[in-house]
Amino acid sequence: MKEKRNAAMVCFSGGQDSTTCLFWAKKQFERVEAVCFTYGQKHSAEVEVARRIAEKSDVPFHLLDVSLISQLDRSCSLTNSTVVMDEVKPQDSYPNTFVPGRNMVFLTFAAILARSLGIYDLVTGVSEADYSGYPDCRDTFIRSLNVTLNLAMDEQFVLHTPLMYRDKCGVWALADELGVFDLVRNETLTCYNGIPADGCGHCPACTLRRKGLEEYLKWKEGK
Ligand code: ZN
């Protein structure tokens, strides 16, 4: 290893998962920086939410524009406003909230940026426990990309995925453990319709977030 592993770069969108990861990283590492991406998403409000949380938490904030991704594939409802969002997962494919290649692009750019700052630990909030089953949220993909990044730059990156096997209830539990339950609940933006905190209430992201929250609050009450 080239230097002490005391710094991490968090892929940060200002949503529930990556905000929980940001505070997880702050516990694990002495120095934490955050990288946020614009990728042609319809709701760029999330960038401002992310910036605000980073500032408040004394975390240097980097914003990278990878919006080329939305020009290459017009089928995604998060980047093309003429596509109606799938509210349920189609049986034989991914919901159209899937952005092909997104996590590979994000993590690759995050690694290039991190390396330039002497950071080799990357943190991402992907999870394979949730319903959509996006291929680039799976552990196999993350491990494979970790090897590829190391080979590509002849470095020893470590990709951390603290949420990989946590469902949304478990993510709420982790936020609470980290002392940021209220911050995550009130200040993050997860909603696909761009509404912060509890969101629009009916998009797939809100439904999942609320279900997890209800489960967690019920569990906590019964403790
Ligand atoms: Zn919503």
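Just checking, which of Arg31, Arg74, Arg52, Arg5 is in contact with a helix residue (DSSP H, G or I) (Cβ under 8 Å, 6 or more places away or on another chain) and open to solvent by 40 Å² or more (accessible area, probe 1.4 Å)? Don't jump to the end; show me each part of the working.
Working: Arg31 fails: in contact with a helix residue (DSSP H, G or I) (Cβ under 8 Å, 6 or more places away or on another chain); Arg74 fails: in contact with a helix residue (DSSP H, G or I) (Cβ under 8 Å, 6 or more places away or on another chain); Arg5 fails: in contact with a helix residue (DSSP H, G or I) (Cβ under 8 Å, 6 or more places away or on another chain).
That would be Arg52, the only listed residue that is in contact with a helix residue (DSSP H, G or I) (Cβ under 8 Å, 6 or more places away or on another chain) and open to solvent by 40 Å² or more (accessible area, probe 1.4 Å).
For Val59, state whether it is open to solvent by less than 40 Å² (accessible area, probe 1.4 Å), among the aliphatic types (A, V, I, L, M) and over 24 Å from Thr161 (Cβ atoms). Write out each step before concluding.
Numbers: open to solvent by less than 40 Å² (accessible area, probe 1.4 Å): yes; among the aliphatic types (A, V, I, L, M): yes; over 24 Å from Thr161 (Cβ atoms): no.
For Val59, the condition - open to solvent by less than 40 Å² (accessible area, probe 1.4 Å), among the aliphatic types (A, V, I, L, M) and over 24 Å from Thr161 (Cβ atoms) - is not met.
Can you go through Thr161, Thr188, Thr124 and tell me which one is modelled with pLDDT of 95 or more, within 16 Å of the ligand (Cβ to nearest atom) and buried (at least 19 other Cβ atoms within 10 Å of the Cβ)? Don't jump to the end; show me each part of the working.
Working: Thr161 fails: within 16 Å of the ligand (Cβ to nearest atom); Thr124 fails: within 16 Å of the ligand (Cβ to nearest atom).
One residue alone meets the criteria, Thr188.
Would you call Ala129 outside any strand (DSSP E or B) and open to solvent by 20 Å² or more (accessible area, probe 1.4 Å)? Spell out how you get there, then give the answer.
Working: outside any strand (DSSP E or B): yes; open to solvent by 20 Å² or more (accessible area, probe 1.4 Å): yes.
Yes, satisfied.
Quick check on the stretch 203-217: of everything there that is out of contact with any Cys (no Cβ under 9 Å at 6 or more places or on another chain) and farther than 20 Å from Tyr94 by Cβ, which residue is farthest from the ligand (Cβ to nearest atom)?
Of everything passing the filter in the stretch 203-217, Leu217 is farthest from the ligand (Cβ to nearest atom).
Determine if the stretch 77-86 includes at least one residue that is more than 29 Å from Arg5 (Cα to Cα), open to solvent by 40 Å² or more (accessible area, probe 1.4 Å) and among the β-branched types (Val, Ile, Thr).
Residues of the stretch 77-86 that are more than 29 Å from Arg5 (Cα to Cα), as a first pass: 77-86.
Within this subset, residues satisfying the condition of being open to solvent by 40 Å² or more (accessible area, probe 1.4 Å) are 81-82, 84, 86.
Imposing the further condition that a residue be among the β-branched types (Val, Ile, Thr) reduces the set to 82, 84.
The answer is yes, given that some residue of the stretch 77-86 is more than 29 Å from Arg5 (Cα to Cα), open to solvent by 40 Å² or more (accessible area, probe 1.4 Å) and among the β-branched types (Val, Ile, Thr).
Would you mind finding the one in Gly118, Gly101 that is at pLDDT 90 or above and among the small types (Gly, Ala, Ser)? Reasoning before the result, please.
Working: Gly101 fails: at pLDDT 90 or above.
Going through Gly118, Gly101 in turn, the sole match is Gly118.
The values are calculated or read from the model by the stated rules, or taken from the named source; none is laboratory data. Since the model is a prediction, treat every value here as computed from it, not as a measurement. Virtual Cβ from ideal backbone geometry, glycine too; neighbours counted across all protein chains shown. What goes into the accessible areas is simple: the full protein's heavy atoms, side chains included, and nothing from ligands, DNA or RNA. Shrake-Rupley method; radii C 1.70, N 1.55, O 1.52, S 1.80 Å.
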